[in-house]
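**Student:** Take a look at this one; I'll ask things after.
The values are calculated or read from the model by the stated rules, or taken from the named source; none is laboratory data. Fair warning: this is a prediction, and the values are worked out from it, not measured in the lab. Cβ coordinates were reconstructed from backbone atoms using ideal geometry, including for glycine residues, and neighbour counts include every protein chain displayed. These accessible areas exclude ligands, DNA and RNA; they are computed on the full protein's heavy atoms, side chains included. Shrake-Rupley method; radii C 1.70, N 1.55, O 1.52, S 1.80 Å.
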Amino acid sequence: MTYSKKIARGIVTGLAALSVAAGISPAADRHDAFGTAVAQAAEKNRSARMNQENASIFAVVESEYQMTGLAVTEGGRIFVSFPHWGAQPADFSLAEVKDGAINPLLQDVNFASLRRLNYVMTANGPRLFALDEGRADAADEEGKTPRVFAIDISGAAPTVEKVYPIKGDSLIAGSLLSDIRVDNITNKAFISDSGAAAILVLDLATGESYRAIDRAPELRKNFQMIYFPNGVYNKLTDVCALELSDRHDMLYFSAMGGDIISSVPVKVLLNKNLTSDSRRKAITTETLFGAPCSGMVRRDTWLIMGDLPDEGIWEFDFQDEVSKGSLFDVGIDIKWADSFAIDNVKNIYFTESQQNLEFDRRETYKLYKISWGKNGQQRQTST
């Protein structure tokens, strides 16, 4: 991959900025000459940031059906979800990948459309939290409202332990729940509403949920479109990708239609005495030079995410004060790196959803793994 795609991204942002002048919609003006120089420097120094030469990438499994959600357990079990949208949905929603094969699970459960998965070791054992995006306008009796499923995976055959409906004031017109991160310390789940720009909090003890930060500018997209080799994609959404810090004291987030990575303290999100506007004041901009993405995962001091315009992977290092991000060149074009997960030796997994391609132009969907060998921890430090 070359830097030319990043220049194209700057042009797209410029066009989006022009739309502001025309009174169309908000966009960012952050890709100026300085921003381009910073991104170029990051590209030149990427080999000093992540040991790419010793990394290998391969497809763990392929499917004729689109895979979006992904979770990998400490023991190496791999779970994927299959949404029920588009022209060719699978007749199952959840599966475990074993020996290169997809094994459907819980086919008797009435999932609406599983969007995301999050593996967590809870006090009661290993659990898989599945975000069923449903429809915000669906009636309760239809079984199509947005829900979170807590799935017990301690045994060979997973079972649904509890279902958490997301309803009431937690949803507004246009809500589309996109990502989930569960904090096993506070027993809370954080959910992004990419359709109506909000971060939700779900109490796993009581089942109550609320919009912690609602329609704040920091949650909005700052791109209106992305140019891909196959054409323009303009179905970009607001806050989408979520990830917790190593101490679970910060929640990182980014919009699918944006390149700004931000964070907010977990304690602020959980403080019910605060208003949405008060919580918004605690948001910190981590970098203006991230990448439009729909998923991310933390690996040590890095956030690893998709870089949609570059058809690749982007890495962001919290400890690098000079160069805040760089393209991780995996050697192949990744057609929409979607959901990410990491195993206990820090190998990276992600789904390729090809979301920007028309159905008749898509190839088989792939689940990829980036490996650094047995220890999976080979890194080079910045100099």
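**Student:** Please count how many residues of region 331-359 are open to solvent by less than 10 Å² (accessible area, probe 1.4 Å), free of Cβ contacts under 8 Å to residues at least 60 places away in the same chain and β-branched (Val, Ile, Thr).
**Tutor:** 2
**Student:** Here is a follow-up. Specify the residue that is nearest to Ser353 (Cα to Cα); the eligible residues are those in region 70-107 that are assigned to a loop (DSSP other than H, G, I, E, B) and among the polar types (S, T, N, Q). Working first, answer last.
**Tutor:** First pass over region 70-107, keeping only residues assigned to a loop (DSSP other than H, G, I, E, B): 73-77, 82-93, 99-100, 106-107.
Remaining after also requiring among the polar types (S, T, N, Q): 73, 88, 93, 107.
Details: Thr73: 21, Gln88: 13, Ser93: 15, Gln107: 22 Å.
Among them, the one singled out is Gln88.
**Student:** Something else about it: Of the residues Ser170, Ser178, which single one is among the polar types (S, T, N, Q), more than 24 Å from Val72 (Cα to Cα) and surrounded by 15 or more Cβ atoms within 10 Å (Cβ to Cβ)? Please lay out each step first, then the result.
**Tutor:** Numbers: Ser178 fails: more than 24 Å from Val72 (Cα to Cα).
It is Ser170.
**Student:** If you take the residues in region 182-235 that are of a type in the set (Phe, Trp, Tyr) and open to solvent by less than 20 Å² (accessible area, probe 1.4 Å), which one is nearest to Met121 (Cα to Cα)? Spell out the reasoning first.
**Tutor:** First, the residues of region 182-235 that are of a type in the set (Phe, Trp, Tyr): 190, 210, 223, 227-228, 233.
Then drop every residue that is not open to solvent by less than 20 Å² (accessible area, probe 1.4 Å), which leaves 190, 223, 228.
Working: Phe190: 16, Phe223: 36, Phe228: 39 Å.
Checking each candidate, the answer is Phe190.
**Student:** Under the condition of being more than 19 Å from Tyr368 (Cα to Cα) and under 21 Å from the mean Cα position of the chain (by Cα), which residue from region 94-125 is most open to solvent (accessible area, probe 1.4 Å)?
**Tutor:** Residue satisfying both the conditions and the ranking: Met121.
**Student:** If you don't mind, another one. From the list Tyr227, Tyr252, which one is touching a helix residue (DSSP H, G or I) at 6+ places or on another chain (Cβ under 7 Å) and part of a strand (DSSP E or B)?
**Tutor:** Working: Tyr252 fails: touching a helix residue (DSSP H, G or I) at 6+ places or on another chain (Cβ under 7 Å).
Unique residue meeting the criteria: Tyr227.
**Student:** Ok, one more. When you scan region 155-167, how many residues do you find that are under 21 Å from Thr206 (Cβ atoms) and open to solvent by 70 Å² or more (accessible area, probe 1.4 Å)? Outline the logic, then answer.
**Tutor:** Filtering region 155-167 down to residues under 21 Å from Thr206 (Cβ atoms) leaves 160-167.
If we keep only those that are open to solvent by 70 Å² or more (accessible area, probe 1.4 Å) too, we end up with 161-162, 167.
Looking only at that region, the number is 3.
**Student:** Just a yes or no: is a residue in region 132-144 surrounded by 13 or more Cβ atoms within 10 Å (Cβ to Cβ) and under 28 Å from Asn344 (Cβ atoms)? Break it down into steps so the answer makes sense when it comes.
**Tutor:** Keep residues of region 132-144 that are surrounded by 13 or more Cβ atoms within 10 Å (Cβ to Cβ), which gives 132-136, 138, 143-144.
Pick out the ones that are also under 28 Å from Asn344 (Cβ atoms) and you get 132.
The answer is yes, given that some residue of region 132-144 is surrounded by 13 or more Cβ atoms within 10 Å (Cβ to Cβ) and under 28 Å from Asn344 (Cβ atoms).
**Student:** Are any of the residues in region 48-61 at pLDDT 75 or above, farther than 27 Å from Ser326 by Cβ and either open to solvent by less than 10 Å² (accessible area, probe 1.4 Å) or in a strand (DSSP E or B) (or both)? Explain how you work it out, then say what you get.
**Tutor:** First, the residues of region 48-61 that are at pLDDT 75 or above: 54-61.
Pick out the ones that are also farther than 27 Å from Ser326 by Cβ and you get 61.
Filter again for either open to solvent by less than 10 Å² (accessible area, probe 1.4 Å) or in a strand (DSSP E or B) (or both), leaving 61.
Yes, that holds for at least one residue.
**Student:** Might you check whether a residue that is part of a loop (DSSP other than H, G, I, E, B), surrounded by 22 or more Cβ atoms within 10 Å (Cβ to Cβ), in contact with an Asp or Glu (Cβ under 6 Å, 6 or more places away or on another chain) and at pLDDT 95 or above occurs anywhere in region 296-315?
**Tutor:** Checked against the condition, which is being part of a loop (DSSP other than H, G, I, E, B), surrounded by 22 or more Cβ atoms within 10 Å (Cβ to Cβ), in contact with an Asp or Glu (Cβ under 6 Å, 6 or more places away or on another chain) and at pLDDT 95 or above, region 296-315 yields no hits at all.
**Student:** Report, by residue number, each residue of region 232-244 that is in contact (Cβ under 8 Å) with a residue 24 or more places away in the chain and over 20 Å from Leu70 (Cβ atoms).
**Tutor:** Of everything in region 232-244, those that are in contact (Cβ under 8 Å) with a residue 24 or more places away in the chain and over 20 Å from Leu70 (Cβ atoms) turn out to be Tyr233, Leu236, Asp238.
**Student:** Need at least 2 residues that are touching a residue at least 60 places away in the same chain (Cβ under 8 Å), polar (S, T, N, Q) and under 24 Å from Gly295 (Cβ atoms) per element, so show me which strands (runs of 3 or more DSSP E) inside region 108-184 make the cut, counting only ones lying wholly within it. Break it down into steps so the answer makes sense when it comes.
**Tutor:** Values: elements: 114-122, 125-132, 147-152, 159-165, 177-183.
Qualifying strands (runs of 3 or more DSSP E): 114-122.
**Student:** If we keep just the residues of region 244-266 that are open to solvent by 10 Å² or more (accessible area, probe 1.4 Å) and farther than 19 Å from Gly312 by Cα, which is nearest to the chain's Cα centre (by Cα)?
**Tutor:** Looking at the filtered set, the residue picked out is Tyr252.
**Student:** Scan region 219-277 for residues that are aromatic (Phe, Trp, Tyr) and under 29 Å from Leu204 (Cβ atoms) and report the count. Even if it seems obvious, please write down each step before you answer.
**Tutor:** Here is the first cut: in region 219-277, the residues aromatic (Phe, Trp, Tyr) are 223, 227-228, 233, 252-253.
Going one step further and asking which of them are under 29 Å from Leu204 (Cβ atoms), we end up with 252-253.
Here the count works out to 2.
**Student:** Are any of the residues in region 336-347 among the basic types (Lys, Arg), assigned to a loop (DSSP other than H, G, I, E, B) and on the phi > 0 side of the Ramachandran plot?
**Tutor:** Start the filter on region 336-347 by keeping residues that are among the basic types (Lys, Arg), which leaves 346.
Of the ones still in play, those that are also assigned to a loop (DSSP other than H, G, I, E, B) are 346.
Now drop any that are not on the phi > 0 side of the Ramachandran plot, which leaves 346.
The answer is yes, given that some residue of region 336-347 is among the basic types (Lys, Arg), assigned to a loop (DSSP other than H, G, I, E, B) and on the phi > 0 side of the Ramachandran plot.
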